[in-house]
Amino acid sequence: MARVGSRRPTARQAQLFDDLVALFLAEGFAHLTLDDIAARLRCSKSTLYALAENKDRLVYAATVHFFKGAADRVEADVARAADAQARIGAYLEAVGRELEPASTRFMEDIAHTSVAREVYERNTRFAADRVRQLISEGVAAGELRDVHAAFVADVVASVMVRIQQRQVAEATGLEDARAYRELAALLAHGLSTAPHLRSTL
């Protein structure tokens with residue numbers, strides 16, 4: 001998950017964004033007006049306008065805030081992992097865990113709202129590149145089976161894009177969080193150097 005956005009919010013703004021993200025994750029955002037949001041957050045519309053000039057920009061800023069926080073927590077999990085296979089698993093498991101609070105309505109709203117979809121797409125690309133890096137490092141260090149890192153990463157990236165575009169949910173019924181956990185399990189077996197898991201081809 002990538003860090004997007006540059007201006008650091010104040011403590012009060014950060015708390016409002018936390019509350020806003022919690023609201024959006026639980027209920028989605030497409031159906032909410034600025035008046036609705038202000039009422040739910042118990043603040044004035046002028047307070048919301050201090051965060052963003054309109055609803056589209058508010059949705060964008062809240063989505064950025066969500067993914068920035070998620071990125072920090074995901075990388076913290078990766079840093080605690082002992083080896084390459086554990087780091088890849090930790091990364092994908094953590095991405096899935098970060099998406100667990102997201103309601104179906106929130107994910108559908110992201111898919112159908114360009115400003116929010118842009119942020120999710122950017123983070124998906126970053127995540128795919130991060131997995132590619134982790135695979136390449138693991139193969140080079142001899143911690144992962146000698147696979148073609150670029151090919152495996154490309155396959156992973158394709159799945160991640162399908163998850164982000166809601167195609168996996170439509171085809172399998174899996175929500176994004178569960179799909180990332182399944183992908184982590186698949187890679188754990190496919191990249192293992194354990195003799196009984198090596199390909200005989």
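Does any residue of the range 149-159 turn out to be within 20 Å of Ala30 (Cβ to Cβ), of a type outside the set (Lys, Arg) and touching a helix residue (DSSP H, G or I) at 6+ places or on another chain (Cβ under 9 Å)? Looking for residues that are within 20 Å of Ala30 (Cβ to Cβ), of a type outside the set (Lys, Arg) and touching a helix residue (DSSP H, G or I) at 6+ places or on another chain (Cβ under 9 Å), one finds none in the range 149-159, hence no. The set of residues in the range 159-174 being open to solvent by 60 Å² or more (accessible area, probe 1.4 Å) and at pLDDT 90 or above consists of Arg162, Gln167, Glu170, Ala171, Thr172. Annotation: His189 fulfils all but one of (1) outside any helix (DSSP H, G or I); (2) without any contact (Cβ under 8 Å) to a residue 24 or more places away in the chain; the unmet one is (1). Counting only helices (runs of 4 or more DSSP H) that sit wholly inside the range 1-104, those with at least 3 residues that are in contact (Cβ under 8 Å) with a residue 40 or more places away in the chain and within 20 Å of the chain's Cα centre (by Cα) are 11-27, 55-80, 84-99. Filtering Asp109, Asp56, Asp83, Asp35 for residues that are charged (D, E, K, R), open to solvent by less than 30 Å² (accessible area, probe 1.4 Å) and either farther than 27 Å from Val152 by Cα or touching a Gly at 6+ places or on another chain (Cβ under 8 Å) (or both) leaves a single hit, Asp109.
A count restricted to the range 44-53 and to residues that are open to solvent by 20 Å² or more (accessible area, probe 1.4 Å) and among the aliphatic types (A, V, I, L, M) stands at 1. Scanning the range 126-184 for residues that are among the acidic types (Asp, Glu), touching a residue at least 40 places away in the same chain (Cβ under 8 Å) and out of contact with any Ser or Thr (no Cβ under 9 Å at 6 or more places or on another chain) turns up Glu137, Asp176.
The values are calculated or read from the model by the stated rules, or taken from the named source; none is laboratory data. Keep in mind that what you see is a predicted model, and the values were worked out from it rather than measured. All Cβ positions, even for glycine, are placed from backbone atoms using ideal geometry, and neighbour counts span all protein chains on display. All accessible areas refer to the heavy atoms of the entire protein, side chains included, with ligands and DNA or RNA removed. Shrake-Rupley method; radii C 1.70, N 1.55, O 1.52, S 1.80 Å.
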